[in-house]
Amino acid sequence: MSNNPIFVATHPRACSTAFERVFMTQRDTLQTIHEPFGDAFYYGPERMGSRFESDEKAREQSGFAQSTFKTILERIEREAAEV
């Protein structure tokens, strides 16, 4: 079996959580990571979201203030290699 990742992207309100749950029923063959880029998007130094823009304390307390898109990809690759 291949260890190549499958990346599924969708738009909001597209029943994507239900689709993801189908993958999650196959835990013996698939590893599912729910919204992996959310940490970098909302909290990290490269953040694109404005939700925590004026709340530095909340960003720091999240534990993800140093998360970047690169560190997220590196974590996914590292976890895939461990399987």
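Read-outs: derived from the displayed coordinates by stated rules, not from any lab. Everything quoted here is computed from the prediction, not taken from an experiment. Cβ sites come from the backbone with ideal geometry, for glycine too, and all protein chains shown count toward neighbours.
Couple of notes before you dig in:
- Among the residues of segment 54-83, the one identified as part of a loop (DSSP other than H, G, I, E, B), among the small types (Gly, Ala, Ser) and within 26 Å of Leu30 (Cβ to Cβ) is Ser67.
- Verdict on Ser62 being out of contact with any Leu (no Cβ under 7 Å at 6 or more places or on another chain), closer than 22 Å to Thr10 by Cα and polar (S, T, N, Q): no
- Yes/no for Arg51 being among the basic types (Lys, Arg) and assigned to a loop (DSSP other than H, G, I, E, B): yes
- Any hit, segment 22-42, residues being surrounded by fewer than 11 Cβ atoms within 10 Å (Cβ to Cβ), hydrophobic (A, V, I, L, M, F, W, C) and part of a loop (DSSP other than H, G, I, E, B): no
- Qualifying residue in segment 1-16 (condition: out of contact with any Gly (no Cβ under 8 Å at 6 or more places or on another chain), among the hydroxyl-bearing types (Ser, Thr, Tyr) and surrounded by 11 or more Cβ atoms within 10 Å (Cβ to Cβ)): yes
- Scanning segment 24-83 for residues that are in contact with a helix residue (DSSP H, G or I) (Cβ under 6 Å, 6 or more places away or on another chain) and among the hydrophobic types (A, V, I, L, M, F, W, C) yields Leu30, Phe37, Ala40, Met48, Phe52, Phe64, Ala65, Phe69, Ile72.
- Selected residue (only one of Pro36, Pro5 is touching a Leu at 6+ places or on another chain (Cβ under 9 Å) and within 24 Å of Glu74 (Cβ to Cβ)): Pro36
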